[in-house]
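**Student:** Here it is, the structure in full.
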Amino acid sequence: MVRKEIRIGYEEYASAGEMSPEDHALCQAAVEALEGSYAPYSHFHVGAAVRLSDGTVVKGANQENAAYPSGLCAERTAMFAAGAAYPGLDIVSIAVVARQDGRICSDPVAPCGACRQVMAQYQTKSGKPMSVILVGADRIMKFARVDDILPLIFDNI
């Protein structure tokens, strides 16, 4: 037997103002996307924004439904909207933020497994890394590629 480890590196910021202008703008777009959240059951609002290879930003927000699990997460809403409206462009980055009790969560909230797998598929499709930015009120975490939040990606393309 050989014991091995998977190490994950990321950048941490105290605020979006420390980030590059394009990442700062993407974080702000994710915060703006919170306004489109429909979360009457969980009261957990999530906004996401993706940046495409030409600089276009597409927003998404979680959409709940009484017939659970018919709703959809913010991350997939944004990615699917981008994929449908801009099929020839790659997603190069995604930012995600959550709000509860009227305030952005102090710590970043990580995407669910289904959203991570969809991110992985779009990254694999493009053949280039997709960065993932998780926004919290007290800190922001930036991962260089989806593999960093979903090691051992299922890839059947």
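**Student:** Out of (1) in contact with a Ser or Thr (Cβ under 9 Å, 6 or more places away or on another chain); (2) surrounded by 24 or more Cβ atoms within 10 Å (Cβ to Cβ); (3) touching a residue at least 60 places away in the same chain (Cβ under 8 Å), the odd one out for Asp23 is which?
**Tutor:** Result: Asp23 fails condition (2) only.
**Student:** Here is a check on your reading of the model: is Arg51 in a strand (DSSP E or B), in contact (Cβ under 8 Å) with a residue 40 or more places away in the chain and either out of contact with any Lys or Arg (no Cβ under 8 Å at 6 or more places or on another chain) or closer than 19 Å to Ser131 by Cα (or both)? I'd like the intermediate steps shown before the answer.
**Tutor:** Details: in a strand (DSSP E or B): yes; in contact (Cβ under 8 Å) with a residue 40 or more places away in the chain: yes; either out of contact with any Lys or Arg (no Cβ under 8 Å at 6 or more places or on another chain) or closer than 19 Å to Ser131 by Cα (or both): yes.
Criteria met by Arg51.
**Student:** Filtering the stretch 31-48 down to residues that are under 13 Å from Val109 (Cβ atoms) and in a strand (DSSP E or B), which residue is nearest to the chain's Cα centre (by Cα)?
**Tutor:** Ala48
**Student:** Something else about it: Out of all the residues in the stretch 64-91, which are in a strand (DSSP E or B) and under 17 Å from Val109 (Cα atoms)? Quick ask: steps written out before the conclusion?
**Tutor:** Step one: of the stretch 64-91, the residues in a strand (DSSP E or B) are 72, 91.
Leu72 - this is the single residue of the stretch 64-91 that is in a strand (DSSP E or B) and under 17 Å from Val109 (Cα atoms).
**Student:** For the stretch 94-106, check the following and say yes or no: at least one residue is in contact with a strand residue (DSSP E or B) (Cβ under 8 Å, 6 or more places away or on another chain) and either at positive phi or outside any strand (DSSP E or B) (or both). It would help to see each step written out before you state the result.
**Tutor:** The first filter runs over the stretch 94-106 and keeps only residues in contact with a strand residue (DSSP E or B) (Cβ under 8 Å, 6 or more places away or on another chain), leaving 94-100, 104-105.
Subsequent filtering for residues that are either at positive phi or outside any strand (DSSP E or B) (or both) retains 105.
Within the stretch 94-106, one or more residues are in contact with a strand residue (DSSP E or B) (Cβ under 8 Å, 6 or more places away or on another chain) and either at positive phi or outside any strand (DSSP E or B) (or both).
**Student:** Please enumerate the residues belonging to the stretch 139-151 that are free of Cβ contacts under 8 Å to residues at least 60 places away in the same chain and in a loop (DSSP other than H, G, I, E, B). I'd like the intermediate steps shown before the answer.
**Tutor:** Applying the first criterion (free of Cβ contacts under 8 Å to residues at least 60 places away in the same chain) to the stretch 139-151 yields 145-147, 150.
Of everything in the stretch 139-151, those that are free of Cβ contacts under 8 Å to residues at least 60 places away in the same chain and in a loop (DSSP other than H, G, I, E, B) turn out to be Arg145, Leu150.
None of the figures in this text is laboratory data; all of them are computed from the coordinates on show. This structure is a prediction, so every number in the text was calculated from the model and none was measured. Positions of Cβ are generated from backbone atoms using ideal geometry, with glycine treated the same way; all protein chains shown enter the neighbour counts.
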